[in-house]
Each structure stands twice: as structure tokens, then as C-alpha cells.
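The values are calculated or read from the model by the stated rules, or taken from the named source; none is laboratory data. Quantities reported herein were computed from a predicted structural model and do not represent experimental measurements. FYI the Cβ positions are ideal-geometry reconstructions off the backbone, even for glycines, and counts take in every protein chain you see.
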Amino acid sequence: MPYPYVLLSAAVSLDGYLDDTGPERLLLSSPADFDRVDEVRASVDAILVGAGTIRADNPRLLVNSPARRAARVAAGEPEYPLKVTVSGSGDLDPDAKFWHTGGEKIVYTTDKGAEQARVAGLAADLVPLGPDLDWRRVLEHLHDVRGVRRLMVEGGGTIHTQLLQEGLADELQLVLAPLFVGDPDAPRLFGPGAYQPGRLRLTETRRIEDVVLMRYEPTAPGTGPLATAADHHWLALACDLAAQCPPSRTAFSVGAVIVAADGTELARGHSREGDDPVVHAEEAALAKLDPADPRLASATVYSSLEPCAHRASRPKPCARLILDAGVRRVVTAWREPDTFVAGADGSGLLAGRGVEVVVLEEYEERAKAPNRHLA
């Protein structure tokens with residue numbers, strides 16, 4: 001299911017702490033960076049913090065700039081983004097500033113936590129998710145029911161850790177402050193656990209007074225049927241490659257990217273690439289790799305159209321080439337229509353041989369765009 005774009009935002013000390021253990025919140029950002037955060041808040045549909053952050057920091061989570069609030073209203077949006085929190089226990093202080101400033105609020109909780117929250121009389125919509133909290137259900141509800149397309153997550157460390165470990169964070173905006181905390185009892189940004197492998201992609205660095213903003217994107221593909229944020233990034237790239245194809249009346253325009261388990265891009269290709277008028281996208285990408293490359297066994301192939309199961313222009317269709325390469329996971333946006341081959345089912349062929357096929361239907365229209373002339 002489609003989820004919002006999830007942006008994690010945090011400021012940390014040089015030794016990785018979010019705060020110290022003093023009674024007052026430790027201010028890590030500079031005044032100019034606080035204004036940048038205000039600008040980001042004004043650009044999103046919702047802001048989320050965990051229950052622990054509400055208890056520890058008592059934040060208001062407002063857009064402070066009157067001009068930015070006015071711009072939101074002029075664009076037909078609420079003056080303030082939706083404020084969101086998540087609490088398994090529902091044990092939240094009804095007098096916290098979170099509930100009494102800004103616009104709408106929503107609490108995601110468990111069935112048991114909802115009972116506690118109702119007793120507290122919180123000024124918010126309550127959404128119980130069953131016996132346990134589930135981040136995918138939270139994001140799905142925000143997207144489908146509340147119309148949230150961009151979600152800013154401001155903490156705390158447990159929330160950031162969970163979203164990264166589950167592969168649900170599209171971006172990390174991290175501000176590094178020039179000081180040390182050094183207290184082992186102070187809260188840290190990230191906790192232990194199983195993170196996705198590989199290096200994140202650095203997309204921006206910016207000096208803001210005496211702090212540095214660093215923006216990162218996860219790159220490692222998922223490992224099963226559940227899509228990660230990185231899966232979305234790579235499939236979007238495949239769709240962009242499809243738009244580079246020379247147009248044809250007798251073949252689809254398709255883009256493909258092959259990505260190793262650690263997020264390293266191994267190869268990319270698109271239909272009719274180079275001087276070959278009949279080459280397919282997956283075929284073009286695989287041809288750039290050594291068939292004995294050990295990374296292929298744990299790689300993911302991203303293709304804007306499902307790999308073909310039948311073709312006349314080559315001895316082997318792309319689904320067979322993928323199987324021969326040993327790839328065990330494919331992410332695609334669009335099932336092949338009967339335009340050229342009746343009953344095409346590359347996904348079925350792959351799945352029948354044990355390949356995990358993930359279809360992200362929210363990219364279907366993007367994949368179809370360079371093929372409109374074939375309708």
C-alpha cells in the first residue's frame with residue numbers, strides 16, 4: 001500500500017546524543033536551523049513524535065512563522081500540519097502543550113491503550129490498531145484516511161530507530177551540533193538492533209551557523225514481499241529510465257536497475273539502449289555484469305514493466321535471463337498488458353521458480369507514461 005514520504009528530523013551532539021539528563025531540554029540547533037526546521041514543518045502534511053518525546057520535552061510542534069502559516073492557508077491547506085503521536089499504553093498527559101496548540105491531533109495506539117487514552121480525555125482522534133502497534137498500518141492510515149503525503153518525524157530516538165530498521169524512512173535530516181554530552185544515561189538518537197545493510201546516500205551537506213545539516217537517503221533494497229523506502233526510490237529511477245527510451249510502435253519503453261543487497265547500484269538499462277533496436281531493459285542491464293558476480297544472488301531487479309515471459313526478438317525472455325542470473329527478487333510497477341503478447345505473465349513465471357515479485361501499483365501510471373502512444 002502507498003505510504004507517506006517519511007522524513008526523519010533530528011539534531012545530535014558530536015557524540016550522538018539527543019539531549020542531556022538535565023531538567024531543561026538541551027538546545028542543540030542554532031537559531032537559523034530552528035528557522036529551517038520551521039520551514040520544513042510548513043512544507044509537510046503531518047508531524048509525528050513519540051509519546052516519550054511529549055513526556056520529556058512537552059513540545060508544541062507548531063509552524064511559528066505567520067508568513068508560512070498564511071502561505072499554507074492560501075494554498076488551501078490547514079494553518080498547521082496534523083500532529084501525530086504513537087503510544088502503545090495510551091498513558092499521555094491531557095495537559096501537555098501538544099493537545100492545546102496548533103490544529104488537529106491524532107493518536108495511534110493499541111486497543112488497551114485506547115481505553116486509557118479515552119479515560120484521560122485527550123483532545124485528539126484515537127485510532128486503535130489492535131493488540132500491538134504496527135508502523136505500516138500507521139502509515140497506511142495516515143496516507144489513505146488522513147490524506148498525508150509528507151510526514152515529518154521529530155523523535156524520539158526509539159521512533160527513529162524503528163522506522164529505519166523497518167525500512168520505512170525515505171530521508172534522514174540530521175543536524176550535528178558542536179558540543180559533547182558524554183553522559184551514558186542521556187538519550188541517544190539510534191538504538192541497537194538490525195538495521196538494513198549498506199551505506200546511506202548523502203544528498204546534501206549545509207553549514208547553518210555553527211551546526212551542519214546532513215541529508216541522507218537509505219539505499220538497501222528490501223528482502224521480502226514488503227517494500228522499503230529504498231525500493232520506492234529505485235523503482236522510481238527505473239520509471240525515469242523508461243522515459244529515455246527511443247519511442248517504438250512495436251515494443252514497450254521500459255527502464256531497469258539492478259541493486260545489490262547493500263544498496264550498491266550494479267547496473268541499469270532501458271529498452272532500445274545504444275545501437276540495439278530490440279534490446280530490453282533488463283537484458284541491457286544484465287549484459288553489463290559478469291554472470292558470475294556473486295552479488296546477483298542477493299540483488300533486486302527493478303523494472304518499470306514486469307519482465308517479459310515471451311519474446312520473438314531474442315532466444316530468451318527477460319524473466320528467463322533473470323532466473324539464469326540467479327536473482328531472487330524483482331520489484332515492478334506494471335503488469336504487461338496484452339498489447340503484443342496475449343496472456344503475458346512474467347511475474348507468474350518468476351514467482352513459480354521461487355523469485356519474490358513485488359508490485360508497487362502506485363508507480364503504474366508513471367511506468368505507463370512513456371507508452372501512451374501504444375494505447
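Annotation note: Cβ proximity below 6 Å between a residue of region 309-337 that is assigned by TED's automatic domain parsing to the domain that holds LEU296 and surrounded by 23 or more Cβ atoms within 10 Å (Cβ to Cβ) and a residue that is in a loop (DSSP other than H, G, I, E, B) and of a type in the set (Asp, Glu) (sequence gap 6+ or interchain) occurs for THR332/GLU306.
Looking at ALA242, ALA238, can you tell me which residue is over 18 Å from the mean Cα position of the chain (by Cα) and not assigned by TED's automatic domain parsing to the domain that holds ARG149? Quick ask: steps written out before the conclusion?
Numbers: ALA238 fails: over 18 Å from the mean Cα position of the chain (by Cα).
Within the list ALA242, ALA238, the selection yields ALA242.
Residues in region 310-317: is at least one modelled with pLDDT of 95 or more, outside any strand (DSSP E or B) and under 30 Å from the mean Cα position of the chain (by Cα)? Checked region 310-317: no residue is modelled with pLDDT of 95 or more, outside any strand (DSSP E or B) and under 30 Å from the mean Cα position of the chain (by Cα). Restricting GLN165, GLN196 to those that are crowded, with 20+ Cβ neighbours inside 10 Å and closer than 19 Å to ASP262 by Cα reduces the list to GLN196.
Pairing each residue of region 41-67 that is closer than 15 Å to GLY157 by Cα with any residue that is acidic (Asp, Glu) and surrounded by fewer than 18 Cβ atoms within 10 Å (Cβ to Cβ), provided the two are 6+ apart or on different chains, yields C-beta distances under 8 Å for ALA51/ASP91; ILE54/ASP93; ARG55/ASP93. Among the candidates LEU62, LEU14, the residue that is over 23 Å from ARG206 (Cα atoms) and touching a Phe, Trp or Tyr at 6+ places or on another chain (Cβ under 8 Å) is uniquely LEU62. Evaluation of VAL148 against the conditions (1) in contact with a Leu (Cβ under 6 Å, 6 or more places away or on another chain); (2) touching a residue at least 40 places away in the same chain (Cβ under 8 Å); (3) loosely packed, with under 15 Cβ neighbours inside 10 Å; (4) not charged (D, E, K, R) shows that the sole unmet condition is (3).
State the number of residues belonging to region 338-375 that are among the charged types (D, E, K, R), without any contact (Cβ under 8 Å) to a residue 60 or more places away in the chain and under 20 Å from ALA236 (Cβ atoms). Walk me through it before giving the result.
Keep residues of region 338-375 that are among the charged types (D, E, K, R), which gives 338, 345, 353, 356, 361-362, 364-366, 368, 372.
Keeping just the survivors that are without any contact (Cβ under 8 Å) to a residue 60 or more places away in the chain gives 338, 345, 353, 361, 364-365, 368, 372.
Then drop every residue that is not under 20 Å from ALA236 (Cβ atoms), which leaves 361, 364-365, 368, 372.
So the answer is 5.
When the helices (runs of 4 or more DSSP H) confined to region 79-163 are screened for residues that are closer than 24 Å to SER29 by Cβ, those reaching at least 2 such residues are found at 97-100. Kindly check whether there is at least one residue in region 165-185 that is in the same structural domain as ASP19 (by TED's automatic domain parsing), small (Gly, Ala, Ser), modelled with pLDDT of 95 or more and in contact with a strand residue (DSSP E or B) (Cβ under 6 Å, 6 or more places away or on another chain). Scanning region 165-185, I find at least one residue that is in the same structural domain as ASP19 (by TED's automatic domain parsing), small (Gly, Ala, Ser), modelled with pLDDT of 95 or more and in contact with a strand residue (DSSP E or B) (Cβ under 6 Å, 6 or more places away or on another chain), so the answer is yes. As an exercise: evaluate ALA351 against (1) in contact with a Lys or Arg (Cβ under 8 Å, 6 or more places away or on another chain); (2) surrounded by fewer than 16 Cβ atoms within 10 Å (Cβ to Cβ); (3) under 17 Å from GLY224 (Cα atoms) and give the number of the one condition it does not meet. Single failed check for ALA351: (1).
LYS368 falls short on exactly one of the conditions (1) in a helix (DSSP H, G or I); (2) in contact with a Gly (Cβ under 6 Å, 6 or more places away or on another chain); (3) of a type outside the set (A, V, I, L, M, F, W, C), and that condition is (2).
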